[in-house]
Amino acid sequence: MGLSLHDHFTIFFTILIKSGLPLTLKLVLGSFLGACAIGLAGGVIRGLKIPVLDQILGLYAQLCRGIPDMLVLLFFYAVMVYGSTYSISVLAISVIQGAYMQEIIKGGILSIDKGQWEAARAMSLPVPVVLFRIVIPQVMLIAMPALIGQVVLLIKGTSVASTIGCLELTKRGVIAMARFSNALVVYGYILIIFFILCHALTMLGRRVERKVTRKVMGDLYE
Amino acid sequence: MGFNWRILAGTRDMYLDGLLVTILYSIVAIIIAVLWGILIGSINFRRVKGLSLITRAYTTFFRETPLLVQIYFWFYGLSRIMPVSASVIGVMALVFNDGAFIAEIVRGGLQSIDRGQEEAAYSLGFSKSQTLFYFLIPQAVRKTQDSIMNMVSIIIKDTSLLMWITITELTYVAHRVNSKFYQPITAYLTAAAFYFTLFLIVQGIKKLMDRRAEKKNGLIAT
């Protein structure tokens, strides 16, 4: 309602793309690295079925599947005295998404044929070597499509960071609403930006999946 | 800090009210989202001319944009055009978002059914829509009941985002209790326990459904 072309330009480029998007991307990158670290460590522990730790991490994964991200984020925001809204958001999103990554990597490790372990152990290769040189490279290949799908969820999940005041894309939109008060345009643009990010990744995921299937199935794949 | 039982005793009624709101919104959203998902999934599966172009674009777009921004979009955008209450918007946002996921699940289920069944139904004189309703959809739903139950727990989690559009559900109550007493552990842990209980109940129902399905399949097989 009553927005000039110049206003559209200001909303889309100056506010959203130039000041909002960089922080969203930083959030995505930060929590991706955090989630991967948690996921890899937890996934290996669960894949090797180390007693006690395995059960604790299983409970952690269940908790993250059952408790809303919003609640976890608000909890971290209330408990943490230090740290910017950015670092709190990264921590909360990493903790939640790490649980999902952990389960994906665990599934990948368990899907590797036991014979490979036995063959490598028979050649008296130490467990870390077997794990990092033989098992994990294969797991990364098998689990890649699922991990990319999880990153799409992670990107969407960063929008909740706006609710604790992290000045990313969504929050920029909320602030811009006070000036332009046209929700359909402002939030419409944010939806489009998020869609482009996520859709590009989904497309990539599909291509990777096709490649992985071809590689895993070998000649059987047509 | 630590867990403060006195505050919990004083705010018990608030929590129970919040829990009730969460359950109410979850149930309504789940029922409508499943029906909506089956409808859209069937349209995508059948490739209805013209219509399926729109529904396909809809499922792609809504699955790859954040729910929080969608909620804002509907809440602030629609309320300018016509007066709608926050609760209607809340349910609508949940249905549109999670229904898109369910639609893709149902479509996958429909596609996995052997074509021969459809042909058999036609040769018995059933029409296209009768075949869909009596033969294909019941099987697709049964095949994908695990994924649909996962969506049920996701919908319960998603209701937490409704706190930002003035709906006083569980996360909102936790947030308010915390800002009143500044006892984050008590406030958020209580809500988390409620959410986790709901999650466990859904998981229990899922297991029961699995067992029933197994029994049924066993009967058919023998």
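Each reported figure results from applying straightforward, stated rules to the coordinates on display, with no laboratory input. Quantities reported herein were computed from a predicted structural model and do not represent experimental measurements. When we count neighbours, we look across all protein chains shown, and the Cβ atoms used for this are built from the backbone with ideal geometry, even at glycine.
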> Restricting attention to region B:172-193, which residues are facing another protein chain (nearest Cβ under 10 Å) and buried (at least 20 other Cβ atoms within 10 Å of the Cβ)?
Replying inline: B:TYR172, B:ALA174, B:HIS175, B:ASN178, B:GLN183, B:PRO184, B:ALA187, B:TYR188, B:ALA191, B:ALA192
> Regarding B:VAL91, is this residue in contact with a Phe, Trp or Tyr (Cβ under 7 Å, 6 or more places away or on another chain), assigned to a helix (DSSP H, G or I), touching a residue at least 12 places away in the same chain (Cβ under 8 Å) and more than 14 Å from every other protein chain (Cβ to nearest Cβ)?
Replying inline: yes
>> Return the residues of region A:154-197 that are surrounded by fewer than 22 Cβ atoms within 10 Å (Cβ to Cβ), of a type in the set (Ser, Thr, Tyr) and within 22 Å of the chain's Cα centre (by Cα); say none if nothing qualifies.
In response: A:THR163
> Which of the residues belonging to region B:127-146 are small (Gly, Ala, Ser) and farther than 22 Å from B:ILE30 by Cα?
Replying inline: B:SER127, B:SER129
> When the residues of region B:137-157 are filtered to those that are in a helix (DSSP H, G or I) and β-branched (Val, Ile, Thr), which remaining residue is farthest from the other protein chains (Cβ to nearest Cβ)?
Replying inline: B:ILE137
> With respect to B:PHE135, is the statement that it is within 29 Å of B:LYS207 (Cα to Cα), under 20 Å from the mean Cα position of the chain (by Cα) and either aromatic (Phe, Trp, Tyr) or loosely packed, with under 13 Cβ neighbours inside 10 Å (or both) true?
Replying inline: no
> Which one of A:GLY218, A:GLY115, A:GLY173 is among the small types (Gly, Ala, Ser) and within 14 Å of chain B (Cβ to nearest Cβ)?
Replying inline: A:GLY173
> Of all residues in region A:103-134, which are under 14 Å from A:ARG46 (Cα atoms) and in a helix (DSSP H, G or I)?
Replying inline: A:GLU103, A:ILE104, A:ILE105, A:LYS106, A:GLY107, A:GLY108, A:ILE109, A:LEU110, A:SER111, A:LEU131
>> So, A:ILE93, is that one free of Cβ contacts under 8 Å to residues at least 12 places away in the same chain, within 14 Å of chain B (Cβ to nearest Cβ), closer than 30 Å to B:LYS180 by Cα and crowded, with 22+ Cβ neighbours inside 10 Å or not?
In response: no
>> Could you tell me how many of the residues in region B:20-75 are more than 14 Å from chain A (Cβ to nearest Cβ) and part of a loop (DSSP other than H, G, I, E, B)?
In response: 4
> Counting only residues that are facing another protein chain (nearest Cβ under 7 Å) and either acidic (Asp, Glu) or surrounded by fewer than 24 Cβ atoms within 10 Å (Cβ to Cβ) (or both), how many does region B:158-171 have?
Replying inline: 1
> Among the candidates A:LEU71, A:LEU154, which residue alone is of a type outside the set (Ser, Thr, Tyr), touching a residue at least 24 places away in the same chain (Cβ under 8 Å), within 30 Å of A:TYR189 (Cβ to Cβ) and assigned to a helix (DSSP H, G or I)?
Replying inline: A:LEU154
> Consider A:SER124 against the criteria (1) at positive phi; (2) crowded, with 22+ Cβ neighbours inside 10 Å: it satisfies all of them except one. Which criterion is unmet?
Replying inline: (2)
> Residues in region B:123-136: is at least one in a helix (DSSP H, G or I), in contact with a Gly (Cβ under 7 Å, 6 or more places away or on another chain) and either touching a residue at least 60 places away in the same chain (Cβ under 8 Å) or within 12 Å of chain A (Cβ to nearest Cβ) (or both)?
Replying inline: no
>> If the requirement is being away from every other protein chain (no Cβ under 11 Å), within 27 Å of A:PHE76 (Cβ to Cβ) and under 20 Å from the mean Cα position of the chain (by Cα), which of these qualifies: A:VAL208, A:VAL151?
In response: A:VAL151
> Here are A:MET101, A:MET123, A:MET144: which of them is more than 14 Å from chain B (Cβ to nearest Cβ) and either free of Cβ contacts under 8 Å to residues at least 60 places away in the same chain or not hydrophobic (A, V, I, L, M, F, W, C) (or both)?
Replying inline: A:MET123
> Any idea how many residues of region B:39-53 are closer than 17 Å to B:VAL95 by Cα and either surrounded by fewer than 16 Cβ atoms within 10 Å (Cβ to Cβ) or hydrophobic (A, V, I, L, M, F, W, C) (or both)?
Replying inline: 3
